[in-house]
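Remarks on the structure that follows.
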Amino acid sequence: MPDSVATPVTSPLPRPARAAVPPPRSGAAWAALQSPAPERARAFYAKVLGLRFEPGGGPGGLWRGLDAHGSQVLVVGRSYTGTGPGVWSPCLTVPDVRAAAEKVRALCGTVAVGPLPLEGGRGVLAADRQGLGVTLWEPGPGAALTEAVRYRLHTPDPADALAFHTRVLGAKAHPAPPDATLLLRGTRPLLSVSPLRTGAKRPRPRWQPDFLAGDLDRAVAAALAGGATLLVEGEPTARAGRAALRAPDGTVFGLVRG
């Protein structure tokens, strides 16, 4: 059974842009989802995010979710952990993937696969010290980089997560009130780190993607129609500029106007 999750941190990553100002370009790439029901997950996110899915190959039969420009936003595969919730993991860009992999090992993380060719660049499949999976990707010349995803890391040990990810990603930490910390490489946001609020005795850290949605109200309506539930009530989505939801497979994700 998944840990009970209280109302998630609602500070934006980054703040929803005003109408005339585009959101800051991200250092995050696509999101990866391991779901116990990948077929249902693909149908759900196709409607919510307007993605077109195509077979991506790889172990377990991965599917690539592409936006209208052909950029990869989401990769969906099958989770083999039984009937529990799905699991998110991010793809984050690095300037030198081999150096990043060496830092992961030096900081007591795990490099499972790579470096190897990946989506027009080179990547490694790794995990941090808290066991959270992450893909580190060095884009090659001309590689497509989506701007549609931002990431939050909810953890019972924010200090440990910040110490690990700032060094691996070559990022600097900036406070993001009320209690989050935003990691930037230059001006590009990579992820935010927040303390995990839960009543569980042994809370498990987790990733949460925030997907940019041009028509936020339509995306939220499609998510609710597809079986998702809102985690934050009381403030109209149009005013808040964001919504946190639990998908049918139990994973938590966000939608942000952008």
Here the residues within the range 187-201 that are in contact (Cβ under 8 Å) with a residue 12 or more places away in the chain and open to solvent by 70 Å² or more (accessible area, probe 1.4 Å) are THR187, ARG188, ARG197, GLY199
Considering each of ASP157, ASP210, ASP217, ASP179 in turn, give the residue that is farther than 20 Å from LEU107 by Cβ, modelled with pLDDT of 90 or more and surrounded by fewer than 19 Cβ atoms within 10 Å (Cβ to Cβ). ASP217
Given the conditions (1) closer than 17 Å to ALA106 by Cα; (2) under 17 Å from the mean Cα position of the chain (by Cα), report the number of the one that GLY170 does not fulfil. (2)
Mind checking whether some residue in the range 95-106 is closer than 23 Å to THR251 by Cβ and either open to solvent by 20 Å² or more (accessible area, probe 1.4 Å) or out of contact with any strand residue (DSSP E or B) (no Cβ under 6 Å at 6 or more places or on another chain) (or both)? no
What's the number of the only condition in (1) open to solvent by 30 Å² or more (accessible area, probe 1.4 Å); (2) assigned to a loop (DSSP other than H, G, I, E, B) that THR146 fails to meet? (1)
Residue set ALA127, ALA106; condition of a type in the set (A, V, I, L, M), over 16 Å from ARG206 (Cα atoms) and touching a helix residue (DSSP H, G or I) at 6+ places or on another chain (Cβ under 9 Å); output residue ALA106
Suppose we filter GLN34, GLN72 for residues that are open to solvent by 40 Å² or more (accessible area, probe 1.4 Å) and within 17 Å of PRO209 (Cβ to Cβ); which single one remains? GLN34
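Identify, please: which residue in the range 232-258 is open to solvent by less than 40 Å² (accessible area, probe 1.4 Å) and outside any strand (DSSP E or B) and is, among those, modelled with the lowest pLDDT?
Among those residues, the one meeting the criterion is THR237.
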On the basis of being at pLDDT 90 or above, under 24 Å from ASP217 (Cα atoms), of a type outside the set (Lys, Arg) and open to solvent by 50 Å² or more (accessible area, probe 1.4 Å), does ALA19 make the cut? no
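The values are calculated or read from the model by the stated rules, or taken from the named source; none is laboratory data. Just so it is clear, the structure is predicted and the values come from calculations on it, not from any experiment. For neighbour counting, all protein chains shown are included, and Cβ atoms are generated from backbone atoms with ideal geometry for every residue, glycine included. Side chains are part of the model used for accessible areas, which takes the heavy atoms of the whole protein and leaves out ligands, DNA and RNA. Shrake-Rupley method; radii C 1.70, N 1.55, O 1.52, S 1.80 Å.
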